Amino acid sequence: KPTFSNWWPLLGGAVIGLILRAIFSGEEDGRFSPMLPVFLLLAPLAVGAVTVYLAERIQPRSLGYYVLAPMISTCLFVLGSMAMLWEGAICAILILPVFMLVGAFGGLIMGVICRMKWKSRPTVYSFVALPVVLAAFGVGNETPQRFEHVERSALIQAPPAEVWKHLLDADHIQSAEVDRAWMYRIGV
């Protein structure tokens, strides 16, 4: 039967994810952008690790728990981000599978650490602090060193106002002209 002690690790992992998301709420090109690989890969890893760490403090868990519980925590984390209006549905749907896999991996790593009786408390702190520390030092926020430029021109026999009108209001697009790819079906 479900008890609070069964849900506590799941909620604890989700809360850590929300705290990390609050920290990574900066501008798109800023040091604490939620689009940085440091956040996208290490935040769900931390969620998974915290979930398993909290569960192991209550009682030893199975290998299946090390995989499944972090996935649930990650879902709660993403749902919480949507509830706080930090993420939209499309972004959440696209990132959730990746977050769940990375969270499960973090849970497995922490499960092994707990089973081997290694020092799990400093390790779980490291999992949580790592994305923040790396972002503070600018890791993953490097400017690309290679720039390319492509230019194309076309001569249109119409005044600029007429051209802009058609560019801004493209209402004569036929359904046969739109590709059937998934991204077009969601409104891109």
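The values are calculated or read from the model by the stated rules, or taken from the named source; none is laboratory data. Remember, predicted model here, so these are calculated numbers, not experimental data. No Cβ is skipped: glycine too gets one built from the backbone with ideal geometry, and neighbour counts run over all protein chains shown. These area figures cover heavy atoms from the full protein model, side chains too; ligands, DNA and RNA do not enter into them. Shrake-Rupley method; radii C 1.70, N 1.55, O 1.52, S 1.80 Å.
Give the separation of the Cα centroids, segment 6-77 to segment 98-118, in Å.
The distance from the Cα centre of segment 6-77 to that of segment 98-118 comes to 11 Å.
Would you mind computing, in nm to one decimal, how far apart the modelled labels at residue 101 and residue 22 are, each placed 7 Å from Cα along Cα→Cβ?
Label at residue 101, label at residue 22, 3.1 nm between them.
If every alpha-carbon in segment 1-86 counts as one equal scatterer, what log10 I(q)/I(0) does Debye give at q = 0.25 1/Å?
Computed log10 I(q)/I(0) values: -1.16.
Before rounding to the nearest 500, sum -39500 (n - 2.57) across all DSSP H runs of length at least 4 in the chain and divide by the residue total; then give [θ] at 222 nm in deg cm²/dmol.
It comes out at -21500 deg cm²/dmol, rounded to the nearest 500.
How big is Rg to Rh over the chain, alpha-carbon atoms, Rh as the Kirkwood inverse-mean-distance radius?
Result: Rg/Rh = 1.16.
Could you give me the ³J(HN,Hα) list for segment 131-138, computed from phi with Karplus coefficients 6.51, -1.76, 1.60 and θ = phi - 60°, whole Hz, x at Gly and Pro?
Karplus values, whole Hz, x for Gly and Pro: x, 5, 5, 4, 5, 4, 8, x.
How big is the accessible area of residue 16 in square angstrom, nearest 10, if you roll a 1.4 angstrom probe over the protein chains?
Here the accessible area works out near 40 Å².
How far apart, in nm, are the 7 Å Cα→Cβ label points at residue 151 and residue 121?
Between residue 151 and residue 121, the label points sit 6.4 nm apart.
Between residue 169 and residue 57, what length in nm is gained on full extension when 0.36 nm per residue of separation is reduced by their alpha carbon distance?
34.4 nm
Using a 10 angstrom cutoff on alpha carbons, build the Gaussian network for the chain and name the most mobile of 90, 113, 19.
Greatest mean-square fluctuation among the candidates belongs to 90.
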